[in-house]
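J.: This is the structure I want to talk about, given as C-alpha cells.
The values are calculated or read from the model by the stated rules, or taken from the named source; none is laboratory data. In this text, all values refer to a predicted model and were calculated from it rather than measured experimentally. A quick note on method: Cβ atoms are made from the backbone with ideal geometry, for glycine too, and the neighbour counts reach across all protein chains shown. Surface accessibility is based on the protein's heavy atoms, side chains included, excluding ligands, DNA and RNA. Shrake-Rupley method; radii C 1.70, N 1.55, O 1.52, S 1.80 Å.
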Amino acid sequence: MTHLLKGFAQPEIKETVANYGSLDATVKELLLSAHAVRQRAYTPYSNFKVGAAFRATPSDIIFNGCNVENAAFTPTACAERTALTKAVSEGYQKFSTGAVVAYAPDVFTSPCGVCRQFIREFAGNTDVPIYIARAIEERSPTEPFVDDDPVLCTSIFNLLPNSFHTY
Ligand SMILES: [Zn+2]
C-alpha cells in the first residue's frame, strides 16, 4: 500500500531556526516587506496584526498583504491570503518564497490552516520556503529586526504535509 503515498507532497526543506543576520538579503527584503505591510493591518477586534509577503517567480516581484478583520468575523481575510490574492489578480501564480511577520510573546505565528491550504495551491509540486519572524513593537519601523532575532525557516510542505491537491 506504500505506493499510495507517492503522490503526497513531502517537505524538501529542513525546518530550522536561524538568526536574522545570517539570512540571505532577498529573505531579509521579504521579511521587511511583510513587516511594513503589517502596519496597515485592519484589526479593530483582535488588534493582532499580521503581515505576509510572497516573492513571485520568475519576475522577482514581491506581493505583500495584511490581515483585514470584519465585524461579522467570518469574512476576515488573513495576511497570507491577502498577499497571494493580490499577486494572482495581477497575473502571478508561482512563488519562490514567503514570509510572515506578527507578534506573540513566546511563539512564532505560523499561517492558519486555511492559509496553509491556500499557499499550497500555488506550490504545485515544488516546496516553497516560508520564513516566520516576530515583530517587536518597540523597534524602529525602518529597522524592525536585529541580527540576533530568531527566524523560523520552514516551508509549505512542512506546514501542510500530505496535503489535499487534485492535479
Ligand atoms: Zn490564515
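J.: Of the residues Ala34, Ala102, Ala25, which exhibits the maximal mean-square fluctuation in a Gaussian network model of the chain defined by a 10 Å Cα contact cut-off?
T.: Ala25
J.: Count the net charge of all other residues whose Cβ sits under 14 Å from the Cβ of Asn67, scoring Lys and Arg as +1 and Asp and Glu as -1.
T.: On the way: positive: Arg38, Arg40, Lys49, Arg81, Lys86; negative: Glu69, Glu80.
Its environment carries a net charge of +3.
J.: Now, a different point. As a check on your grasp of the helix formula, calculate [θ] at 222 nm for the chain: sum -39500 (n - 2.57) over DSSP H runs of n ≥ 4, divide by the residue count, round to the nearest 500.
T.: Working: 4 runs with 38 residues, N = 167.
About -6500 deg cm²/dmol.
J.: Net charge around Phe118, counting only other residues with Cβ within less than 14 Å of its Cβ (Lys, Arg = +1; Asp, Glu = -1)? If you can, show how the numbers build up before the last one.
T.: Details: positive: Arg81, Lys86, Arg116, Arg120; negative: Glu80, Glu121.
Charge balance in the 14 Å sphere: +2.
J.: Give me the base-10 log of I(q)/I(0) for the chain at each q in 0.09, 0.15 Å⁻¹, Debye formula, one uniform scatterer per Cα, rounded to two decimals.
T.: At q = 0.09, 0.15 Å⁻¹ the computed log10 ratios are -0.29, -0.79.
J.: Right, next: Can you give the angle from 0 to 90° between the axis of helix 79-89 and the longest principal axis of the chain, with both taken from C-alpha atoms, to the nearest 10?
T.: Roughly 70 degrees between the two axes.
J.: Taking 8 Å as the Cα distance limit and 6 or more residues as the minimum spacing, I'd like the relative contact order of region 12-159 as a percentage. Let's see the in-between values first.
T.: On the way: 324 pairs, mean separation 42.4, N = 148.
The normalised contact order for region 12-159 reaches 29 percent.
J.: How many angstrom separate the Cα center of region 1-48 from the Cα center of region 81-107?
T.: 8 Å
J.: Further question on the same structure: Report, to one decimal in Å, the Kirkwood hydrodynamic radius for region 4-85 based on all distinct Cα pairs.
T.: One decimal place: 14.6 Å for the Kirkwood radius.
J.: Here is a follow-up. In what sequence, largest accessible area first, do Tyr20, Tyr45 appear using a 1.4 Å probe? Write out the running numbers ahead of the final one.
T.: Numbers: Tyr20 20, Tyr45 115 Å².
Sorted descending by solvent-accessible area, the residues read Tyr45, Tyr20.
J.: Using a basic spin-label model with each label point 7 Å from the Cα along Cα→Cβ, how many nm lie between Tyr45 and Ser22?
T.: 4.0 nm
J.: Expected output is a single nm value to one decimal: the length gained when fully extending between Thr142 and Ser96, i.e. 0.36 nm times separation in residues minus the C-alpha distance. What is it? Present the calculation step by step, with values, prior to reporting the outcome.
T.: Details: separation 46, 0.36 × 46 = 16.56 nm, distance 2.47 nm.
14.1 nm is the gain from fully extending Thr142 to Ser96.
J.: Residues of region 10-53 with the amide nitrogen closer than 19 Å to a label point 7 Å from the Cα of Asp60, along Cα-to-Cβ, please.
T.: 23-34, 53
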